[in-house]
1. Determine the distance separating the Cα centre of the range B:116-131 from the Cα centre of the range B:2-41; give it in Å without decimals.
2. Once you charge only the Cβ atoms, +1 for Lys and Arg and -1 for Asp and Glu, what is the size of the charge dipole of chain A about its Cα centre, to the nearest 20 debye?
3. How long are the semi-axes of the equivalent ellipsoid of chain B, defined as square roots of 5 times the Cα gyration tensor eigenvalues? Whole Å, largest first.
4. How do A:K39, A:K29 stack up against each other in accessible area, from largest to smallest, with a 1.4 angstrom probe?
5. With heavy atoms of protein chains only and a 1.4 Å probe, what residues of the range A:140-163 have at least 30 Å² less accessible area in the full set of chains than alone?
6. Mind computing the radius of gyration and Dmax over the alpha-carbon atoms of the range A:8-63? Å is fine for both.
7. How large are Rg and Dmax for the protein assembly as shown when only the alpha carbon atoms are used, in Å?
8. Relative contact order (percent) for chain B, with alpha-carbon contacts under 8 angstrom and 6 or more residues of separation?
2 protein chains.
Amino acid sequence: MSAAITLFDEQGYEETTIAQIAAAAGLTKRTFFRYFADKREVLFNGSDELIEDWIAAVAAAAPEASPMTAACAGLDPVAEMFVERHAFARIRARIIAANPELQERELIKLQSLAAAIKVELMNRGVSENAAILAAQSAVTVFHVAFARWVQQDDPTAFRQLMDESLDELRSVTTA
Amino acid sequence: MSAAITLFDEQGYEETTIAQIAAAAGLTKRTFFRYFADKREVLFNGSDELIEDWIAAVAAAAPEASPMTAACAGLDPVAEMFVERHAFARIRARIIAANPELQERELIKLQSLAAAIKVELMNRGVSENAAILAAQSAVTVFHVAFARWVQQDDPTAFRQLMDESLDELRSVTTA
C-alpha cells in the first residue's frame, strides 16, 4: 500500500501499473494479486476493517444509549485507527477527488457503512426509520470530519473534528 | 416509460429488451434511443428534473431561511411532482431493490442531488460544512420519506411523510 500510494502521488493513479507497484514493493505481480484484486483495491482495502470496527463499537454501546449515540460510537475506534494513516489518507483523498469513478466507489463504500450501522441499530431494537436517520447522520458526520482532517496537518485532530461536525449537524438540523 | 415499466413489472427488468419496450410503445428502436441512452435510463430519466426543481426551490427560499430550511425547500415541489408518479415509483423501487447495480446508480443520483444542494446553499452564503450537513440531511429526509411513500397506498402522502421524517431526524440527531 505504501509503495502504491507513493507511486500514485508521484506519477498519477491512472499512469501507475500493477507491475510498477509490485516492483517498488519488491513483490511479483502474482503476490500483489494475493493481496488485492486490482489497483483500485489498494485505495479501498481499509474500508472493510473500518466497517467492522465501527459496527463492533455500535454493538458494544451501552444498552440505554440513544440511536444517535450508538451510531456515533464507531467514531472513537475509527479516529484512532486513522491517526497513523494520515499521510496515506491525504494522498488517497487527492487521487479520489481527481477521479469520478473512484468517487463513486467511495460513495458506495460510505453507503455500505451506513447500511451496516442501520442493521446493527435495528439489532438493538431501534425502529427502521430512526436507524436509517441515525446511521446516515453518523456517516455524514464522519464524512465531513474526514474531509476536514485530510486538509489539515495534525493526524490526531480527527476525533476533535468529529465532535465539531456532530455539534454542527445538531445545530444545522434544528435551525 | 409507461410501456417499459409495465414490461419490467410483468417479466423482470433483466429479461426485458429495448426491442420489446419500443414495440410495446409503438416506436422503433431508433426512436427509443432518441429519448434514452439505454434501458437503465428509463428508470433514472426523472432525476435531472428532480434536481432542477429542488435547486430552484432552494434558490427561491427566503433570504433569512436557515440552511436546513433552505435545503428542505425542495421537498415541496418534489412531493408535488411525484404524486402522479406513484404507480411508476412503486414498481421502479421494487426493480431497484432487486438489482445491486441499479442500487449503486440510485445512491450516486442521490449524492448528485446532495452535491447540487450544497453548492446552492453555498451560493446563499452558507459555510461549506453547514452546507454539506444540511444538504445531506435534507436528502436523507427525502430518501426515508420516499421509501415509506412507495410502501403505502396514498399517492398524496409524500409531503406528510417528509414532514414526519424531518421531525424524526431532528429528534434522532439531538437525542
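The values are calculated or read from the model by the stated rules, or taken from the named source; none is laboratory data. All values reported here derive from a predicted model rather than from experimental measurement. Because the Cβ atoms are built from the backbone with ideal geometry, glycine has one as well, and the counts that use them run over all protein chains shown. Only protein heavy atoms, including side chains, enter the accessible area calculation; ligands, DNA and RNA are left aside. Shrake-Rupley method; radii C 1.70, N 1.55, O 1.52, S 1.80 Å.
1. 38
2. Working: 16 positive and 25 negative charges, 88 e Å.
Roughly 420 debye, rounded to the nearest 20.
3. On the way: eigenvalues 210, 61, 38 Å².
Three semi-axes, in Å: 32, 18, 14.
4. On the way: A:K39 35, A:K29 105 Å².
Highest to lowest solvent-accessible surface, that is A:K29, A:K39.
5. For the range A:140-163, once contacts with the other chains are taken into account, A:T140, A:V144 lose 30 Å² or more.
6. 16.1, 50
7. Taking only Cα atoms of the protein assembly as shown, I get Rg and Dmax of 21.8, 63 Å.
8. Values: 157 pairs, mean separation 36.6, N = 175.
This gives 21 percent for chain B.
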